[in-house]
1. Take the residues of segment 292-324 that are among the aliphatic types (A, V, I, L, M) and at pLDDT below 95: which is surrounded by the fewest Cβ atoms within 10 Å (Cβ to Cβ)?
2. Which count do you get for residues in segment 250-270 that are open to solvent by less than 10 Å² (accessible area, probe 1.4 Å) and over 15 Å from the mean Cα position of the chain (by Cα)?
3. Of all residues in segment 227-242, how many are modelled with pLDDT of 95 or more and touching a helix residue (DSSP H, G or I) at 6+ places or on another chain (Cβ under 7 Å)?
4. For the list (1) within 29 Å of Leu193 (Cα to Cα); (2) without any contact (Cβ under 8 Å) to a residue 40 or more places away in the chain; (3) open to solvent by 10 Å² or more (accessible area, probe 1.4 Å), I need the number of the one condition that Arg327 fails.
5. I need the full set of residues from segment 23-42 which are more than 17 Å from His77 (Cα to Cα) and surrounded by 13 or more Cβ atoms within 10 Å (Cβ to Cβ), in order please.
6. Out of all the residues in segment 28-71, which are under 30 Å from Thr163 (Cα atoms) and outside any loop (DSSP other than H, G, I, E, B)?
7. Among the numbered criteria (1) part of a helix (DSSP H, G or I); (2) open to solvent by less than 70 Å² (accessible area, probe 1.4 Å); (3) free of Cβ contacts under 8 Å to residues at least 24 places away in the same chain; (4) not β-branched (Val, Ile, Thr), which single criterion is violated by Arg19?
8. Only one of (1) open to solvent by 10 Å² or more (accessible area, probe 1.4 Å); (2) more than 14 Å from the chain's Cα centre (by Cα); (3) among the aliphatic types (A, V, I, L, M) is not met by Ala273, so which one is it?
Amino acid sequence: MIVVLKQNPDKARVERLMRRFTDMGLQINYSEGENTTILGLMGDTTRVNERDILAYDIVERVQRVTEPFKAVNRKFHPDDTVIEVAGRKIGAGYFHVMAGPCSVESEAQIVEVAESVKKAGASFLRGGAFKPRTSPYSFQGLEAEGLRLLLEAKRQTGLPIVTEIMSEKHLDLFADVDIIQLGARNMQNFMLLKELGRSDKPILLKRGLSATMEEFLMAAEYIFAGGNSNVILCERGIRTFENMIRNNLDISAIPLIKKFSHLPVIVDPSHAAGRRDMVQPLSRAAIAAGADGLIIEAHNNPRCALCDGAQSLDLPQFDAVMEDVKRRAVFEGREMAQ
């Protein structure tokens, strides 16, 4: 249930109304926008009498929310959420590119890539230390050593880092990571979602391979329910019958998320197709559809990459894509931040 208050309500009266709700055992999501103040009520709202609430002179209207996701629902928070990470704002017109290799392979590799993508205009360095792989015999990442190398690249270049977590047991290792990525295969790892909800780290939540939009938003709701509202959604393509590409980018997911949720949404054109020649056109489509940023795989030598070389841009290709991205982001009215 949401309670929409009249403009400029008396603070003391708002506090009294909120105390009434908390005395009923309800949780309150307080959202104060430029023109609207909303109290989002979570819990057993069947005992709330709408007429009694409308009797308060500070209340404009009362509305029941039928969607199962509450805290991430735009009805609870009409304005776009802006996530601040290392002095950078994500969402509500601020546009960012996160770039780097699928896997961290060596210090020389990750530092070279970090320096190059930063020069091209990327504002975050992505790189895999822990790698979920379909085959147990495939390269699994450098794990803790990979995290150390990412932090060294951050020290040398100043780029904040984005990297994937595989287990709640590894949270302590991620203390200095700027954005923790939760991969598509772990989107419904509920124990991990709960632990990330108890952290204060920004979370980049990737959509599962066959997840519906409701399932995707409910995964974000798990993190919110734990107390962490720093969630960035990532559309990375879904599995379909098509076999000429790795996944199908669900471009409709971007405006759909914007309609139902206030959270920023990033698009991953690299995983969406699994082909480097499609990264640029999919990036264009994502910007036009309203995405708040991109996460792109770039490697200094894709042919020799230990993971996902076929979808990784080499550094000159990344430079060219970034020039196009910058033009299109400005054309669409975004602030291209670095």
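The values are calculated or read from the model by the stated rules, or taken from the named source; none is laboratory data. The structure displayed is predicted, hence computed values, not measured ones. Here the Cβ positions follow ideal geometry from the backbone for every residue, glycine too, while neighbour counts run over all protein chains shown. Side chains included, ligands, DNA and RNA excluded: accessible areas come from the protein's heavy atoms. Shrake-Rupley method; radii C 1.70, N 1.55, O 1.52, S 1.80 Å.
1. Here is the first cut: in segment 292-324, the residues among the aliphatic types (A, V, I, L, M) are 294-296, 298, 305-306, 310, 313, 315, 320-322.
After this cut, where a residue has to be at pLDDT below 95 as well, the list is 305-306, 310.
Values: Ala305: 21, Leu306: 20, Ala310: 15.
For segment 292-324, the residue satisfying everything is Ala310.
2. Taking segment 250-270 as the starting set, the residues that turn out to be open to solvent by less than 10 Å² (accessible area, probe 1.4 Å) are 253-254, 257, 261-270.
Right, trim to over 15 Å from the mean Cα position of the chain (by Cα) and you get 270.
Selection size over segment 250-270: 1.
3. Here the count works out to 6.
4. Of the numbered conditions (1) within 29 Å of Leu193 (Cα to Cα); (2) without any contact (Cβ under 8 Å) to a residue 40 or more places away in the chain; (3) open to solvent by 10 Å² or more (accessible area, probe 1.4 Å), the odd one out for Arg327 is (1).
5. Just the residues of segment 23-42 that are more than 17 Å from His77 (Cα to Cα), to begin with: 23-26.
Selection gives Met24, Leu26.
6. Taking segment 28-71 and keeping what is under 30 Å from Thr163 (Cα atoms), we get 29, 68-71.
Selection gives Asn29 alone.
7. Of everything listed in (1) part of a helix (DSSP H, G or I); (2) open to solvent by less than 70 Å² (accessible area, probe 1.4 Å); (3) free of Cβ contacts under 8 Å to residues at least 24 places away in the same chain; (4) not β-branched (Val, Ile, Thr), Arg19 misses just condition (2).
8. Every condition holds for Ala273 apart from (1).
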